[in-house]
Amino acid sequence: MARMHARRKGKSGSKHPIERIHPEWSLKAEEIEELIVKLAEEGKEPAMIGLILRDSYGVPDVKAALGKKLTKVLEEHNLLPPVPEDLNNLLNRRNNIKKHLEENPRDLHNKRRLHLIEAKIRRLVKYYKRKGRLPEDWSYA
């Protein structure tokens, strides 16, 4: 897939297993769901929960094990964060760049980065409002 703000192709991206079959040696579906709820109650974000399940508990694919995505499990238990994780990460990056630009106002490269990040934020907010994940009157400013 092509990069959003660059004129080149990108190679990185997650690679799922060819077969979406949950292996027998891994944890059972009920145990995985309990772990997801426990980790979410501890304050872990969905991506971090997936990494912990993969690295510490040997769960290769949550969707193959449960038949639903990790965020769907969090939504059923009312543990979904109010702001989606990818949007929250972009907002944190925006704040860090703004803080940097207050100290270095002539840094033109990071001014451009800030414009690109804010464009991504606007697109994501529009998407999440359309999908009903964010309220219509939500604003990040």
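Read-outs: derived from the displayed coordinates by stated rules, not from any lab. Only a predicted model underlies this, so the values are computations on that prediction, with no experimental measurement involved. Don't worry about glycine lacking a Cβ; one is built from the backbone with ideal geometry, like all the others, and counts go over all protein chains shown.
Things to note:
- Where only C-alpha atoms are counted, convex hull volume of region 85-131 per residue in Å³: 53 Å³
- The percentage of C-alpha pairs in the chain whose separation is greater than 18 Å is 67%.
- FRET efficiency, H77 to E136 (Cβ-Cβ, R0 41 Å, nearest 0.05): 0.95
- Between helix 108-131 and the chain there is an angle of about 50 degrees, using the helix long axis and the longest principal axis of the Cα atoms.
- Going from the fewest other Cβ atoms within 10 Å to the most, the residues S56, S14 appear in the order S14, S56.
- Pairs exceeding a 22 Å alpha-carbon distance, out of K38/K68; K68/K126; K63/K126; K9/K129; K38/K126; K98/K131: K68/K126; K63/K126; K9/K129; K38/K126; K98/K131.
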